[in-house]
Amino acid sequence: MDDTLDEEQKQIARAVLEREGRGFAEEIGLRRTNNPAGLFDLLVTAVLVAPRGETTEAARAAHEVTNRWHTAADLADADEQDVAKELGAAVEGDDSADGDDTASGDAGTLRALAVAVADTWDGDLRRLREDAGQDPGRERALLTDLPGVDDAVADVFLREVQVLWDEVSPFADGRALRAASALGLGESADDLARYGGGAEKIGRLAGALARIEIEGAHDEVRRAASSS
């Protein structure tokens, strides 16, 4: 893509950020910090939200779990039924057997993840980063070796952690890039980087685009951009 940004692209980028102004981590009350608790919280959040499309219910569940169990060791030692109860309570109005089964399955996945992170990386994902030599491809490979972490989960984690791990930036997941393409903002994370602001803004822009893709809100963004 041509490096020159036209006014329409700038207006659309502004409309994206105005509609979904905060990064996903901030939206659900997580503080992105490069320490064991902060990084593990991000990974737990990614595991819960990636399969659900970053819904309000999934975000609420992530908040409840990370607010009660702050580290991999904490969650590894937790009673699985307690974790399932927290997850179930976070999803309002779902008293179905399917809802219970989902909460129970997620609780088992999260505890297995916590045990693996505690045992393999001493609870500190910075050690994973060091072992990967700060190579994003190797970081992804080590992440997806963990229970419950597939490529979609890794995408959410890497999108959010790029603010803290500069080797990851610029990064945008597939949902974000589909929305970017539809809105004429580019085809790659490098294209999104042209809008400036460094890793934090790229992360916010990519997260906002992913939610716009999930919600099918492309036309709303276009209308907002044209009226600005």
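The values are calculated or read from the model by the stated rules, or taken from the named source; none is laboratory data. Values in this document were obtained by computation on a predicted structure and should not be read as measured data. With ideal geometry, Cβ positions are generated from the backbone for all residues, glycine too; neighbour counts draw on all protein chains shown. These area figures cover heavy atoms from the full protein model, side chains too; ligands, DNA and RNA do not enter into them. Shrake-Rupley method; radii C 1.70, N 1.55, O 1.52, S 1.80 Å.
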Legend entry - Magnitude of the charge dipole, the chain, Cβ model with Lys/Arg +1 and Asp/Glu -1, debye to 20: 720
Legend entry - Extended-chain gain in nm, criterion 0.36 nm per residue less alpha-carbon gap, Asp74 and Ser228: 50.7 nm
Legend entry - Protein-only accessible surface order, largest first, of Phe171, Phe40 at 1.4 Å: Phe171, Phe40
Legend entry - Farthest positive-ward along segment 107-224 dipole, Cα basis, beta-carbon charges - from Ala114, Leu128, Tyr195: Tyr195
Legend entry - Positive-end residue of Leu17, Val83, Ala46, charge dipole of the chain with Cβ unit charges: Leu17
Legend entry - Semi-axis lengths (Å, descending) of the ellipsoid that matches the C-alpha gyration tensor of the chain: 32, 21, 13
Inset, instruction - Excluding Trp121 itself, calculate the net charge of residues whose Cβ lies under 13 Å from the Cβ of Trp121, where each Lys or Arg counts +1 and each Asp or Glu counts -1. - result: -4
Inset, instruction - Determine ³J(HN,Hα), in whole Hz, for all residues of segment 161-171 in sequence, where each value follows from phi through the Karplus function 6.51 cos²θ - 1.76 cosθ + 1.60 and θ = phi - 60°; x replaces Gly and Pro. - result: 7, 4, 5, 9, 10, 5, 5, 6, 7, x, 9
Legend entry - Carbon and sulfur %, accessible surface of segment 146-228 computed with the full protein complex present, 1.4 Å: 45
Inset, instruction - May I ask you to work out the translational diffusion coefficient for segment 118-228 at 10 °C, viscosity 1.306 mPa s, via Stokes-Einstein with Rh from the Kirkwood sum over Cα pairs, reported in whole µm²/s? - result: 107
Legend entry - Within the chain, helix-based [θ] at 222 nm, where runs of 4 or more DSSP H residues each add -39,500 (n - 2.57), nearest 500: -20500 deg cm²/dmol
Inset, instruction - Search the structure for amide H atoms under 5 Å from the amide H of Asp124, placed 1.01 Å from N in the peptide plane, and list their residues when 5 or more places away or on another chain. - result: none
Legend entry - From phi via Karplus (6.51, -1.76, 1.60), per-residue ³J(HN,Hα) for segment 63-74 in Hz, x at Gly/Pro: 5, 5, 5, 6, 6, 9, 10, 8, 10, 4, 5, 4
Inset, instruction - Could you pull the accessible area for Thr109 with a 1.4 Å probe, rounded to 10 Å²? - result: 50
Legend entry - J(HN,Hα) series, segment 45-56, from Karplus relation 6.51 cos²θ - 1.76 cosθ + 1.60, nearest Hz, glycine and proline x: 4, 4, 4, 7, 8, 4, x, 9, x, 6, 6, 4
Legend entry - Most positive-pole-ward Cα, Ala72, Val156, Ser226, against dipole of the chain from beta carbon charges: Ser226
